[in-house]
Each structure stands twice: as C-alpha cells, then as structure tokens.
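Working notes, beginning with the structure itself.
The values are calculated or read from the model by the stated rules, or taken from the named source; none is laboratory data. Predicted, not measured: the structure shown is a model, and the values here were computed from it. For neighbour counting, all protein chains shown are included, and Cβ atoms are generated from backbone atoms with ideal geometry for every residue, glycine included.
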Amino acid sequence: MNTKTTENKVIKLIVETGESSLWGRVHYEDNLIIDEASSIEELQSKMRTLLLDFHDLDPKSYDFRIEYDLTVFFERFNFLKITKVAELSEINGSLLRQYATGKKHPSAKQAAKIESVIKELAN
C-alpha cells in the first residue's frame, strides 16, 4: 500500500489596506490577480474563485501564504505592542507607528528588521 502524501502548492497572497476594505493580490503564472473584500476570509474566497476561473486551479490543490502590509498586520495582530516591536527592532517608535498607519513606508532594510523581530516573537 502506498502511503505517499502530496503536499499542496503554496501561493502567496499579499494583503494591503484600502480606504474601507482590504486589497489582495496574487501573482500566478505571470498574471497579477487583484480583488478587494471586507475580511481576510472573504478575500481568500474571492481569490480562490478567480484562480479557478482564470487558471482552472482546484481550490483544494493549494494553500495561501498570507503576507500583510504593516498597516493590516498591526490591525490584525493588535495584541502586539508597536512600542515593543520598535524597541526590539531598534527603530524609533513614532516612525514605526507611521509605517503602521501607512503615512510612511519602510526601506527594505527597515522592513527586514521588523520582519526579523516579528518572526522572533512568533517563535
């Protein structure tokens, strides 16, 4: 008896904040698929429908890896203290708050510091 299991493919879903909703985007086979929704769950559902419609991709054959912009991240995980993340990443607290509200955008170096601290906290 063959007990081989197949792992689902992983597709990156990037979630950003809009004025009154969430925006998501997926790059798949050189196509950029974009939609909006009021929740992460709704956004995933819409993206699954679009991937099925445009690429005949079975929704059970893949999982999403969700990546958030900083604004959505701190809204979704509001139990994290921006001040503590700033301290651990050695970034000024008010600057990190500006990143979190979308008033400013971090450089690649700053984003890497923030990402590293968040991963460390997750572990």
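Structural remarks
- Residue match in segment 58-78 (condition: over 14 Å from Ala100 (Cα atoms), among the aliphatic types (A, V, I, L, M) and touching a residue at least 24 places away in the same chain (Cβ under 8 Å)): yes
- Number of residues in segment 14-27 that are touching a helix residue (DSSP H, G or I) at 6+ places or on another chain (Cβ under 6 Å) and under 16 Å from Tyr62 (Cβ atoms): the value is 2.
- Qualifying residue in segment 72-92 (condition: on the phi > 0 side of the Ramachandran plot and more than 15 Å from the chain's Cα centre (by Cα)): yes
- Listing of strands (runs of 3 or more DSSP E) fully contained in segment 1-108 that carry 2 or more residues being modelled with pLDDT of 90 or more and under 21 Å from Lys119 (Cβ atoms): 9-17, 62-68
- For the residues Lys60, Lys81, Lys9, the requirement of being touching an Asp or Glu at 6+ places or on another chain (Cβ under 8 Å) and among the charged types (D, E, K, R) singles out Lys9.
- The number of residues in segment 89-123 that are loosely packed, with under 12 Cβ neighbours inside 10 Å, touching a Lys or Arg at 6+ places or on another chain (Cβ under 9 Å) and farther than 26 Å from Ser20 by Cα comes to 1.
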